[in-house]
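For reference, the structure discussed in these notes is given below.
The values are calculated or read from the model by the stated rules, or taken from the named source; none is laboratory data. Everything quoted here is computed from the prediction, not taken from an experiment. We place every Cβ from the backbone using ideal geometry, glycine too, and count neighbours over all the protein chains shown.
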Amino acid sequence: MKLLITILFSLFSISISYSQCLPNYGFTSKQINIGSVNINYVDKGVGNPILMIHGLGGNASHWKKTIELLSATNRCIAIDLPGYGGSTAVNMLEPKKVLAFYANAAVQLIKSLQLNNVTVMGHSMGGQVAIISALQEPNLISQLILVAPAGLETFTESEAAALIKYATPALYELQDSSTIVRNYKANFYKSNEETERLIQERITLKNCTNFKNYCAQIALGVQGMLAYPVKAQLNLIKQKTLILFGENDALIPNRLLHPTLNVHDIAAIGNQIPSAKIEMIPQAGHLLQLDQPAALLKIVKNFLP
């Protein structure tokens with residue numbers, strides 16, 4: 001009996017730990033099995049579907065405000081990419097296959113949910129994943145919304161090698177609370193309640209059982225973005241495309257490696273997409289969907305059919 005009580009207590013402790021380590025999505029999340037991976041996602045609203053893909057180190061909760069504002073008119077599906085949020089971690093991948101693996105997970109979720117006329121909205125690394133998805137499945141994805149997308153800015157071999165050498169799992173494992181606060185605030189033009197939520201969730205994550213996998217996934221994501229450049233393929237994108245940047249983005253372009261570039265220079269590269277429309281949002285940083293959600297929504301709704 002004592003052994004049974006101990007086992008039950010241990011299982012209860014694990015379940016509490018898991019729930020405390022999940023992000024605050026703002027909505028009930030669901031799970032679906034895609035191949036060998038369990039994918040966690042949020043599905044809210046009715047109407048034409050929008051699949052939302054978060055960026056490096058993020059999760060589906062980065063679309064919390066967007067879903068709140070958009071789910072009255074559209075079906076909003078936000079995915080936790082493999083290794084993030086409640087989705088299975090996959091770390092044994094070659095760098096050049098990482099983003100293709102993410103893109104396949106997004107495409108398979110679209111197919112599993114039997115979605116039609118899908119708009120894919122991707123932020124940062126998720127924007128690069130969205131581009132790859134659209135190139136791979138031009139008949140499945142009807143429109144793209146790229147929010148501060150990675151992949152437009154390119155890096156030389158030496159720059160890429162320097163970034164990979166710097167962005168190791170240990171770098172993220174060893175970040176103290178003050179570093180976490182500084183890094184998250186750098187994503188915003190002006191801190192708000194969402195900034196504080198993300199900071200606290202990231203600090204809590206340090207004590208979670210999946211923390212090392214999370215850190216490894218970020219490092220792998222950096223390698224994956226650098227190993228799968230998409231700039232040369234932008235002219236092949238057939239979908240109607242909206243590109244959004246915050247005028248105060250402190251992360252794109254990379255200020256250390258490309259000090260002569262600004263965010264307008266990077267956004268202009270998006271004109272290589274035949275049907276691209278580019279919009280700049282004032283007083284918005286890199287996480288503009290949480291920084292200026294109402295301004296983003298106004299532009300997005302004007303773009304959607």
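Residues that are surrounded by fewer than 19 Cβ atoms within 10 Å (Cβ to Cβ), modelled with pLDDT of 95 or more and more than 24 Å from GLN272 (Cα to Cα) do occur in the range 147-161, at least one of them. For the range 174-196, give me each residue that is among the acidic types (Asp, Glu) and either in a loop (DSSP other than H, G, I, E, B) or more than 20 Å from the chain's Cα centre (by Cα) (or both). Within the range 174-196, just ASP176 meets the criteria.
Against the definition (within 25 Å of LEU244 (Cα to Cα) and surrounded by 18 or more Cβ atoms within 10 Å (Cβ to Cβ)), how does ILE34 come out, yes or no? Criteria not met by ILE34.
Looking at GLY221, is it under 27 Å from LYS97 (Cα atoms), surrounded by 23 or more Cβ atoms within 10 Å (Cβ to Cβ) and not hydrophobic (A, V, I, L, M, F, W, C)? First the steps, then the outcome.
On the way: under 27 Å from LYS97 (Cα atoms): yes; surrounded by 23 or more Cβ atoms within 10 Å (Cβ to Cβ): yes; not hydrophobic (A, V, I, L, M, F, W, C): yes.
Here the answer is yes, as GLY221 does meet what is asked.
When the residues of the range 54-74 are filtered to those that are touching a Cys at 6+ places or on another chain (Cβ under 8 Å) and not aliphatic (A, V, I, L, M), the one that is surrounded by the fewest Cβ atoms within 10 Å (Cβ to Cβ) is THR66. Checked against (1) on the phi > 0 side of the Ramachandran plot; (2) in contact with a helix residue (DSSP H, G or I) (Cβ under 6 Å, 6 or more places away or on another chain), GLY224 passes all but condition (1). Within the range 129-144, how many residues turn out to be in a helix (DSSP H, G or I) and surrounded by fewer than 17 Cβ atoms within 10 Å (Cβ to Cβ)? Residues flagged as in a helix (DSSP H, G or I) and surrounded by fewer than 17 Cβ atoms within 10 Å (Cβ to Cβ) within the range 129-144 amount to 1. The residues of the range 146-192 that are among the hydroxyl-bearing types (Ser, Thr, Tyr) and out of contact with any Lys or Arg (no Cβ under 8 Å at 6 or more places or on another chain), listed by number, are THR156, SER158, TYR166, THR168, TYR172, SER177, SER178, THR179, TYR189. The criterion of being surrounded by 22 or more Cβ atoms within 10 Å (Cβ to Cβ) and more than 26 Å from GLU194 (Cβ to Cβ) holds for ILE273. Among the residues of the range 227-277, the ones that are touching a Phe, Trp or Tyr at 6+ places or on another chain (Cβ under 6 Å) and either modelled with pLDDT under 95 or not in a helix (DSSP H, G or I) (or both) come to 2 in all. Considering each residue of the range 250-260 in turn, at least one proves to be exposed (fewer than 14 other Cβ atoms within 10 Å of the Cβ), hydrophobic (A, V, I, L, M, F, W, C) and more than 22 Å from the chain's Cα centre (by Cα).
Mind listing just one residue for me: the one in the range 280-305 that is surrounded by 16 or more Cβ atoms within 10 Å (Cβ to Cβ) and not hydrophobic (A, V, I, L, M, F, W, C) and, of those, nearest to ASN248 (Cα to Cα)? Once the filter is applied, the top-ranked residue is GLY285. Scanning the range 101-128 for residues that are without any contact (Cβ under 8 Å) to a residue 60 or more places away in the chain and part of a loop (DSSP other than H, G, I, E, B) turns up just one, GLN114.
A search for C-beta distances below 7 Å between a residue of the range 279-295 that is touching a residue at least 24 places away in the same chain (Cβ under 8 Å) and any residue that is in a loop (DSSP other than H, G, I, E, B) and of a type in the set (Asp, Glu), counting only pairs 6+ apart in sequence or on different chains, returns MET280/GLU247; ILE281/GLU247; PRO282/GLU247; ALA284/GLU247; GLY285/ASP249; HIS286/ASP249.
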